[in-house]
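The next block holds one structure in the form of structure tokens; read it before the comments.
The values are calculated or read from the model by the stated rules, or taken from the named source; none is laboratory data. Every value quoted in this text rests on a predicted model; they were computed, and no experiment measured them. When we count neighbours, we look across all protein chains shown, and the Cβ atoms used for this are built from the backbone with ideal geometry, even at glycine. Heads up: the accessible areas ignore ligands, DNA and RNA and are worked out on the full protein's heavy atoms, side chains in. Shrake-Rupley method; radii C 1.70, N 1.55, O 1.52, S 1.80 Å.
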Amino acid sequence: MSQSDPHPITPSRSPLKPTELSGSNLAFLGDAVLSLHVRTWLLEEGHTRAGELQRLSIGYVNAYAQARFMHTLLEEGLLTPEELDIYKRGRNSHTRSHARNADIVTYRVATGLEALLGYWHLTDPARLTEILEKIKSNSGSSRTHCQKALSGKAASGPTGREE
């Protein structure tokens, strides 16, 4: 590892091949990618208190926020056919885990987005950056929505149910 490359596993160096990973595996990776970026953004914004960081990060990484963003990508036609296949692999993957705070449909759509993030991390850093910037700029309303929910005010998700 050279001084100019502080990350030992960058997408171009990773031995992982996305075509050999399940949708769940890609989502596992994508969840970590999103979480790391969100935490970095929040620190860059000057948030430093642990409780505040956790509450604010939920506005980006909860299943409802992820599903809303995924619907935006789908509605705007921003995915290539290959990316759409990866999304479906993630969305349709069978897992033993279940959503704690979301219905199963929302959870699966969010898992599809996470699979895409994992895929882009391994294959296309420029595309990953493009999508992460969209998430960052589009998550203000989701974050506000989630902050209201966390402060005890009623907030309904995309299904009309309280989150």
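Given a Förster radius of 25 Å and the C-beta distance between SER137 and ARG96 as r, what FRET efficiency does 1/(1 + (r/R0)^6) yield to the nearest 0.05? Write out the running numbers ahead of the final one.
On the way: r = 35 Å, r/R0 = 1.38.
Approximately 0.15, to the nearest 0.05.
In the stretch 68-129, carbon and sulfur make up what percent of the accessible area (probe 1.4 Å)? It would help to have the intermediate numbers written out before the result.
Values: 1790 of 3410 Å².
Answer for the stretch 68-129: carbon and sulfur cover 52 percent of the accessible area.
About its Cα centre, how strong a charge dipole does the stretch 18-97 have in debye, to the nearest 20, once Lys and Arg get +1 and Asp and Glu get -1 at the Cβ? Display every interim value, and only then the final one.
On the way: 8 positive and 10 negative charges, 83 e Å.
Approximately 400 debye in magnitude.
Relative contact order, percent, of the stretch 50-130 when contacts are C-alpha pairs under 8 Å separated by at least 6 residues? Write down the numbers at each step before the final one.
Values: 58 pairs, mean separation 27.4, N = 81.
Over the stretch 50-130, the number comes to 34 percent.
Return the FRET efficiency for the residue pair ALA32, GLU75: r is the Cβ-Cβ distance, R0 is 30 Å, and the value is rounded to the nearest 0.05.
Rounded to the nearest 0.05, the efficiency is 0.65.
By how many nm would the segment from HIS47 to ASP124 grow when fully extended, if each residue of separation counts as 0.36 nm and the alpha-carbon distance is taken off?
24.8 nm
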